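Data block below; observations after.
The values are calculated or read from the model by the stated rules, or taken from the named source; none is laboratory data. Just so it is clear, the structure is predicted and the values come from calculations on it, not from any experiment. All Cβ positions, glycine included, derive from the backbone under ideal geometry; neighbour counts span all protein chains shown.
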Amino acid sequence: MILSGHGYSLHWVADEEPVRIDWKPGSLLAPPDQWFHQHFNTGPSPAKYIAFKPRSRKFRTKGKFMNNVSRKLGGTMIEYEDENPAIRALYERECARHGVTVNMRPVESD
């Protein structure tokens, strides 16, 4: 649930094109299970959100969550240097359209 900020999210299945979903305060996003997803704040104010996850004692799940482990190590997290360059280019264009400066360092390739 988005509390503040303006931007978009990308949701996709491996080897498919991402689906863009624009959001603003009050938006509710629910990425499908096993889909990659990223959230991008393109507005001048910070984004705040609440993430509801079924990972409590009440909602036990089997297996280990690997969304914070690099794909290089067997997880599901895509490192910036492995990300499709079109994703970063879209983010930079959207920020520029809203007058926001991107301060992220360029990705260094091998």
* Please enumerate the residues belonging to the range 70-80 that are part of a helix (DSSP H, G or I) and within 15 Å of the chain's Cα centre (by Cα). => Tyr80
* Structure fact -> Residue pairs qualifying under the 6 Å Cβ cut-off, at least six apart or on distinct chains, with the first in the range 81-109 being assigned to a helix (DSSP H, G or I) and the second being surrounded by 11 or more Cβ atoms within 10 Å (Cβ to Cβ), are Glu81/Val107; Tyr91/Phe40; Glu92/Val102; Glu94/Thr42; Cys95/Thr42; Cys95/Val102
* How about the range 74-110: which of its residues are in contact with an Asp or Glu (Cβ under 7 Å, 6 or more places away or on another chain) and closer than 17 Å to Ala47 by Cβ? -> Val102
* To do: List every residue pair whose Cβ atoms lie under 9 Å apart, where the two residues are 6 or more positions apart in sequence or sit on different chains, the first residue falls within the range 2-28 and is acidic (Asp, Glu), and the second residue, located anywhere, is surrounded by 12 or more Cβ atoms within 10 Å (Cβ to Cβ) and assigned to a loop (DSSP other than H, G, I, E, B).
  => Asp22/His6
* To do: Mind counting the residues in the range 36-65 that are within 18 Å of Met1 (Cβ to Cβ), surrounded by 10 or more Cβ atoms within 10 Å (Cβ to Cβ) and modelled with pLDDT of 85 or more?
  => 10
* Hey, any hits in the range 94-107 for a residue that's at pLDDT below 85 and loosely packed, with under 10 Cβ neighbours inside 10 Å? -> yes
* Structure fact -> In the range 81-92, residues that are surrounded by 12 or more Cβ atoms within 10 Å (Cβ to Cβ) and out of contact with any strand residue (DSSP E or B) (no Cβ under 6 Å at 6 or more places or on another chain) total 7
